[in-house]
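The values are calculated or read from the model by the stated rules, or taken from the named source; none is laboratory data. Given the structure is predicted, the values throughout are model-derived calculations rather than measurements. Cβ placement follows ideal geometry from the backbone for every residue including glycine, while neighbour counts extend to all protein chains displayed.
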Amino acid sequence: MQGVCSKVSFMVWIGRVITIPVGIALFASLLVAVVLLEVNDSFLNPQFYSDTLRDADIYNFALNDLPRSALDEARLIAPQDIDPSLDENPLVSSGLTTGDLVAALNRAFPPEWVQSVVEQVLDEPGDYITGERDDFSTTIQAGDRVVLVVEEFKTLTRQADAYNLLFEQVIFPNIEDALETELPFGIDVTAERVAEAVRRVVPPEWVQANVEAALNAVTPYAVGETDTFEVEVQLSERVDVALEEIKSILLESDAYDLVYDEVVEPIIKDALGPTVALPFNITISRVEITDALREVAPAQWVQEQAELIVDATGQYMTQETDSLNIDIDLRDNKIAARDVLVRLAREQFDRVANDLPACSNSQLGSLVTSGLISLPECMPSGGTAIEDQVRRVVADTIRSLQGQIEDAIDTAVLAQIPDTLTFTDQTLKDQLAASGASDNADLLDDVRRIIGEGWTYTDQDLRADLLDFDSQDSVDLLDDVRSFLSDGWVFTEQDLREQIGDVDPDVLANLDDGRRIFKQARTWRFLVYLPVLILMVIIAFLGGRTWPGRVAWAAAYLTISAAAIWITFGPVYSALSGERIDRARQEAIDSIEPNHDFANTQALIIDKAIDTGAFIIDGFAAGVATNAIIVFVIGMLILSAAIVWPRLSEYLDK
């Protein structure tokens, strides 16, 4: 009998020793079970990602911390690195602070709105992918955001020094380029003076009002509230100011001579040619004729004629008149210029007479016998009575011939110049062409229409420009964008399946297989504990001889395994993970190029990414540890019951 007992006792201990490898298997099975359950509750749960982004404060980071850092570093970029033509960084010259821009961003796209959009995109499609649902429909409305963006843009342009920025960075360089070509009418002016005039013609409040009016017209069309739009800019109201500035520039640049240089001289050129031949080989040039007319013209009269041209041109450009036709009366000017021209001709005649060679004896005799009716070939030198007498006769003849010169001035010069000069729209076009702006001359009628009727731009113009610029695809894209802003973006499971199927049909089949597996995994997730239960039963029968003993052995192994898992994913993980994460963070930050323009922003992104990753890993580890704690508590309760059960039974039996 004792041998039998010894043999039984030996077998019991053998069984209990065998529980050790089975217990190790139980630990592994329990570890797999709690890890799979946490995977199911986290990575296979779309809500996990929404909760993670929210708990990691991603939305506040993306809309506040990140743009602040990026904007602050963008302000430090040298303007030449942005565009070689820039003299100052636009963010600096705008006058807007980083706080202004970030506040506007948050008003247009509040973190709450961004969060709702992201969570909508994650939740329903995520449930579909994991097999929790068989369909989904995600709708994102963005039209109201466009309206807010436009309003914020208006606010920022009012706050910013946008007007001066536009002048300094865009308009002024274009003015400098334009002045490299000679201006019509010989106007000589600096780019600074032209910019000053442009500022007066189009002041900030006028520009701001027209920009906002354009935005107000286009925005309803963009968001699909209307099917048409028309942007209109009235320029005629600024013409009077522009004409005053032109007159001022003419006065400052001594350009009032344009009456002669650009109007009178071309007509004289057509009427007379380069020079006019007078009697006795005397010539007078076109330049001398123009200078004579200019010399005797009163300054006040010249200025009045120039301003008359400017005013009439302004009326023509604004379509107040259908044609340009200005008459300049030159009669008084011609009468006054006659004396100047006669003086010039006489001076030449005197030089011709004074340059006559001395007469020989034969020439002197010929002068005495033949008499004089024209300019002689020679001049008696004097000294003898005969020579002195002939010299006096020659001098009298020369004086009598001067009348012919005056008559020639009247007939050959002044009579050929019209009493009235006419400045027409064709004259204006000719002047534009002569100054190298022939393209502008061809566009003169379009400019007149724009100034007179205003500049308009409609939805049809936009479509035509898109079609000319690219193709019908651009027009279709415009319609798609308007549809998106009007009706919102709708994405369903059919859209997802079509997009995946277009890429690779095999991927679509894998998606369906994955959905089925995920669904089964989530439905039967607690079956992961089945191997644990089987191993616990094995341990129970190997280690215990009575039912309380069997339960105690199984519960003890379960409790020890759960405790080991909790220690691994709790205290041990906490002790080891912090240093490793910090080291990975530092290595990633050290890899950033030190001279990169956005080095600090990159470091900020890396820091946030590692924090978020650590947050996810920490949460996963904490979830596994929590599952282990639950199993540990259950094991302790079962173990306690197994220990108390026999004593309670004995007590009840008594």
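Remarks
- Checking the stated criteria, ALA195 turns out to be closer than 23 Å to ASN89 by Cβ, aliphatic (A, V, I, L, M) and at pLDDT below 80.
- Residues of the stretch 488-523 that are hydroxyl-bearing (Ser, Thr, Tyr) and without any contact (Cβ under 8 Å) to a residue 40 or more places away in the chain: THR523 alone.
- Qualifying positions in the stretch 22-45 - under 30 Å from GLN602 (Cβ atoms) and buried (at least 17 other Cβ atoms within 10 Å of the Cβ): SER42
- Complete set of residues in the stretch 498-524 that are within 24 Å of ILE140 (Cα to Cα) and surrounded by 14 or more Cβ atoms within 10 Å (Cβ to Cβ): ILE500, GLY501
- Exactly one residue among PHE469, PHE491, PHE484 is among the aromatic types (Phe, Trp, Tyr) and loosely packed, with under 11 Cβ neighbours inside 10 Å, and that residue is PHE469.
- Filter result for GLY143 (farther than 30 Å from LEU44 by Cα, at pLDDT 75 or above, buried (at least 17 other Cβ atoms within 10 Å of the Cβ) and of a type in the set (Gly, Ala, Ser)): yes
- Cross-chain or 6+ apart pairs with Cβ under 9 Å, the stretch 219-246 first and not assigned by TED's automatic domain parsing to the domain that holds GLN315 and modelled with pLDDT of 75 or more, then in a strand (DSSP E or B) and among the β-branched types (Val, Ile, Thr): THR228/THR458; PHE229/THR458; GLU230/THR456; GLU230/THR458; VAL231/THR456; VAL231/THR458; GLU232/THR456; VAL233/THR456
- Scanning the stretch 267-286 turns up no residue that is at pLDDT below 75, under 30 Å from PRO203 (Cβ atoms) and surrounded by fewer than 15 Cβ atoms within 10 Å (Cβ to Cβ).
- Residue match in the stretch 26-40 (condition: among the hydroxyl-bearing types (Ser, Thr, Tyr), closer than 30 Å to GLY623 by Cα, outside any helix (DSSP H, G or I) and at pLDDT below 90): no
- Residue ID - farthest from GLN426 (Cα to Cα), chosen from residues in the stretch 263-302 that are assigned to a strand (DSSP E or B) and polar (S, T, N, Q): THR283
- Within the stretch 489-501, the set of residues being aromatic (Phe, Trp, Tyr) and part of a helix (DSSP H, G or I) is empty.
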